[in-house]
Amino acid sequence: MSFQTILFACTDGVATITLNRPERLNALTNTMFRELGKALDRVAADPGLRAVLLTGAGRGFCAGADLAGDGIDADADLDDALVTLYNPTVLRLQTFERPIVCAVNGVAAGAGCNLALACDIVVAGRAASFMQAFARIGLIPDAGGTFLLPRLVGRARAMGLAMLAEGLPAETAAEWGLIWRCVEDDALMAEAGALAAKLAKGPTRAYALIKQAMAASLDNGLEEQLGVEARLQGEAGRSADYAEGVAAFLEKRPARFQGR
Ligand code: T3D
């Protein structure tokens, strides 16, 4: 499968998707959204692909909507693009039934920042930064920014990020709990790759259920969420990986999860 705007490679159960417009800091185009969707379709259809690693080519991760090309159509309402491309992509990443590691290799701005934050585990190189660039051009955070930011870092920091639209260094992003970890730049791909490889050998179904449970908790009270946990744990408990996990524990050996 060949693409114009992304690279797609599969190794040892990990599908690596690289946003690949480095001359534009991987700014998002309509084609890129469609190709990202096709790459995820391919992963979803292959039970042997059990984790996704998302990153960017060149010195940036993603500079948000392409302000010069087909990313913003001057004749169309912006909400059309959000409804047809951005929002389905954010929902897909958040509900995708494989763990998604994002390796943020440089600046992540605008919707590029929020696509990164929609992934499950975000690791950034020390030189990377996270910028809600929208207000610089008279827009508001989209691609889930107004949903995730206050939940991740609290209202005060979310408002500062959204209104001041300054780049937040990766190290501070990790301190604030916006991302999982900040690592040295030259260690980024090895560390993120190792995380994805580990997840690709893990209990895939349980990971999908963890994603569901965490997402549900954002809207639920304790009692409802306990109900969600009971239902999803019931499902996890019927998986072959649960049986294997318990057997491996009792036999004092590493578990060999099959992702079922
Ligand atoms: O419905 C809709 O479609 C609306 C949806 C909107 C969602 C959004 O994401 S809105 C936010 C859009 N993004 C931005 O406003 C960020 C724009 N970029 C920047 O502010 C800066 O590039 C960065 C702070 C991200 C990085 O700065 P720097 O100095 O490291 O790089 P640079 O020199 O500005 O960029 C390098 C090249 O990439 C440059 O091209 P050139 O001059 O070398 O030919 C630059 O024009 C290009 N580039 C960077 N960002 C974009 C871009 N080209 C098109 N679109 C971009 N977003």
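Using a simple spin-label model with pseudo-atoms 7 Å out from Cα toward Cβ, Ile210 and Glu223 lie 3.0 nm apart. The H on the amide N of Ile6, modeled in the peptide plane, is under 5 Å from the matching H of Asn20, each at least 5 residues off or on a different chain. Absence of a disulfide-compatible partner, taken as no other cysteine beta carbon within less than 4.7 angstrom, is noted in the chain for Cys10, Cys62, Cys113, Cys182. Taking Leu53, Leu250, Leu28 as the candidate residues, the one with maximal mean-square fluctuation in a Gaussian network model of the chain, Cα springs under 10 Å, is Leu250.
Of the residues Ile6, Ile137, Ile100, Ile121, the one with the fewest other Cβ atoms within 10 Å heads the list, and the complete ranking is Ile137, Ile121, Ile6, Ile100. With the charge dipole of region 204-251 set up from +1 on Lys and Arg Cβ and -1 on Asp and Glu Cβ about the Cα centre, the Cα lying farthest toward the positive end among the listed residues Ala230, Asn220, Ala240 is that of Ala240. Gaussian network model of the chain, Cα springs within a sub-10 Å range: biggest mean-square fluctuation belongs to which of Thr11, Thr29, Thr172? The residue that fluctuates most here is Thr11. Of all lysines in the structure, the ones whose alpha carbon falls short of 30 Å from that of Lys252, not counting any fewer than 8 places away in one chain, are Lys198, Lys201, Lys211. Charge tally around Val123: other residues with Cβ under 14 Å, Lys/Arg +1 each, Asp/Glu -1 each, net -3. Model label points for Met159 and Arg92, set 7 angstrom from Cα along the Cα-to-Cβ axis, are 3.6 nm apart.
What whole number of Å gives the distance from the Cα centroid of region 11-58 to the Cα centroid of region 208-245? Rounded to whole Å, the Cα centres lie 27 Å apart. Considering only Leu178, Gly37, Gly48, the residue lying farthest towards the positive end of the dipole of the chain is Gly48, judged by Cα position with unit charges set on Cβ. Qualifying GluC sites (Glu not before Pro) in region 116-191, where qualification requires a DSSP coil assignment and no more than 15 other C-beta atoms within 10 Å, comprise Glu166, Glu184. Neighbour counts of other Cβ atoms within 10 Å put Thr146, Thr16 in the fewest-to-most order Thr146, Thr16. Modelled this way, with points 7 Å down the Cα-to-C-beta line, the labels at Leu250 and Arg231 are 3.1 nm from one another.
Exposure proxy shown here: for Asp120, Asp219, Asp185, the number of other Cβ atoms within 10 Å sets the order, fewest to most, as Asp219, Asp185, Asp120.
Structure remark: mean-square fluctuation, Gaussian network model of the chain, C-alpha springs under 10 Å; the largest value among Ser217, Ser239, Ser129 belongs to Ser217. Summing charges over all other residues whose Cβ lies under 13 Å from the Cβ of Ala240, with Lys and Arg as +1 and Asp and Glu as -1, gives +1. Rounded to whole numbers, the Karplus 3J(HN,Hα) couplings from phi for region 143-152 are 6, x, x, 6, 7, 6, 4, x, 6, 7 Hz, using 6.51 cos²θ - 1.76 cosθ + 1.60 with θ = phi - 60°, and x at Gly and Pro.
So, with +1 on the Cβ of K and R and -1 on the Cβ of D and E, and no other charges, what is the size of the charge dipole of the chain about its Cα centre, to the nearest 20 debye?
820
Given R0 = 41 Å, the distance between the Cβ atoms of Ala187 and Asp77 translates into a calculated FRET efficiency of 0.45. Once you divide the Cα radius of gyration of the chain by 2.2 N^0.38 Å, the number left is 1.02.
Any read-out appearing in this document is the output of simple, stated calculations on the displayed coordinates, not a laboratory observation. Not measured: the values here are computed from a predicted model. Neighbour counts are summed over all protein chains in view; Cβ atoms, including those assigned to glycine, are modelled from backbone coordinates with ideal geometry.
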